[in-house]
Amino acid sequence: MHALPMIILSVLVAAAAPARAASIAAQVVDESGSPLAFAVVHVAPLAGQVLPAPAEAVVDQQDREFLPYVTAIQAGSAISFPNNDAIRHQVYSFSPAKSFELPLYKGNPHRPVAFEQPGVVALGCNIHDWMNAFVFVSATPWFAVTDASGKARLEGLPAGDYRIQVWHPKQQGEPAETAQALSLTAEGQGELRFAVSRKSLLRPWRAPTALKTAGY
């Protein structure tokens, strides 16, 4: 039996001197050392409450794909789902954190969808089975999604004690299994390393250009 491949996350914590607030620069790579996109790095304080900061994000529909593949927002925020294809889509989710359905439409639906509860929301399209994406709803405002280079940066963290976790669509097991605690000061530095087992998706995400090449 082959061992499960691992995702390695290296985190460097640096102080933002002018505002005396810490920042986290994260690098996420897979078992071969290649950068891993679409990983959500999220931070929660070990003490105290965090007030919601409602905002609005956009998950587009282009070339019969959701863009971006992974979106991270704070609980209480809303997402618009414009359809920029010439065909109709029907967006839905059956996830416990948010269940909803937008009837078959082109252009813009009537109103954004609010995501009130923290958790992971899987998106799909009732018309095109291959379309899928994820919304990570965070309980705090400190989160970031890694880019194509596997990097993400979190800014403006006040001094305090935190719990840091990583979530990815290919992750096997729960993020809490590899969570670590970190104490931040306004001028402190630190490093964290996460090792997370991967699992295969039923259908890996394909870029819109790849769909065109495949004839969809």
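What follows is calculated from the coordinates using simple rules that are stated; it is not laboratory data. Here the structure is a predicted model, which is why all the values come from computation and not from measurement. Please note: Cβ atoms are built from the backbone with ideal geometry, for glycine as well, and neighbour counts cover all protein chains shown.
Relative contact order of region 59-146, taken over Cα pairs closer than 8 Å and 6 or more residues apart, is 35 percent. Subtracting the Cα-Cα distance of A114 and T185 from their residue separation scaled by 0.36 nm leaves 22.2 nm. Note that region 85-102 has calculated 3J(HN,Hα) couplings of 8, 7, 10, 8, 10, 9, 7, 8, 8, 10, 5, x, 5, 6, 10, 7, 8, 9 Hz, one per residue in order, obtained from phi through the Karplus relation 6.51 cos²θ - 1.76 cosθ + 1.60 (θ = phi - 60°); glycine and proline are x. In this structure the amide hydrogen of N84, modeled in the peptide plane, comes within under 5 Å of the amide hydrogens of Q61, none closer than 5 places in sequence on its chain. Subtracting the Cα-Cα distance of Y105 and S149 from 0.36 nm times their residue separation leaves 12.4 nm of extension gain.
With N the number of residues in region 56-138, Rg(Cα) / (2.2 N^0.38 Å) evaluates to 0.97. Site pair Q90 and K199 shows an inter-label distance of 2.8 nm when each label is modelled 7 Å from Cα along Cα→Cβ.
Provide T185, T146 in ascending order of the number of other Cβ atoms located within 10 Å of each residue's Cβ, fewest first. Don't skip to the end; give the middle numbers.
On the way: T185 14, T146 24.
Arranged by neighbour count, lowest to highest, T185, T146 become T185, T146.
Bridging of K106 to aspartates and glutamates at a Cα separation below 19 Å is possible for D60, D63, E65, D85, D129, once same-chain residues fewer than 8 apart are set aside.
Tell me the net charge near S77. Cut-off is 10 Å between Cβ atoms, S77 excluded, with +1 for each Lys or Arg and -1 for each Asp or Glu. Walk me through the numbers on the way to the answer.
Numbers: positive: none; negative: E56, E116.
Around S77, the surrounding residues sum to -2.
Here K151 is the anchor, and the aspartates and glutamates within straight C-alpha reach of less than 17 Å, apart from those fewer than 8 places off in the same chain, are D30, E31, E191.
What list do you get for K106, K170 if you sort them by fewest beta carbons within 10 Å? Mind showing how you got there, number by number?
Numbers: K106 14, K170 17.
Taking fewest neighbouring Cβ atoms as first place, the list is K106, K170.
For region 29-149, give the magnitude of the charge dipole about the Cα centre (Cβ charges: +1 Lys/Arg, -1 Asp/Glu; no others), in debye to the nearest 20. Write down the numbers at each step before the final one.
Working: 5 positive and 11 negative charges, 79 e Å.
In debye, rounded to 20, region 29-149 gives about 380.
The Cβ shell under 14 Å around A47 holds other residues with a net charge of 0, Lys and Arg each +1, Asp and Glu each -1. Determine the sum of side-chain charges near K106: Lys and Arg each +1, Asp and Glu each -1, restricted to other residues whose C-beta is under 10 angstrom from that of K106. Residues near K106 contribute 0 overall.
Could you list R88, R111 in order of exposure, starting from the residue whose Cβ has the fewest other Cβ atoms within 10 Å?
On the way: R88 15, R111 9.
Arranged by neighbour count, lowest to highest, R88, R111 become R111, R88.
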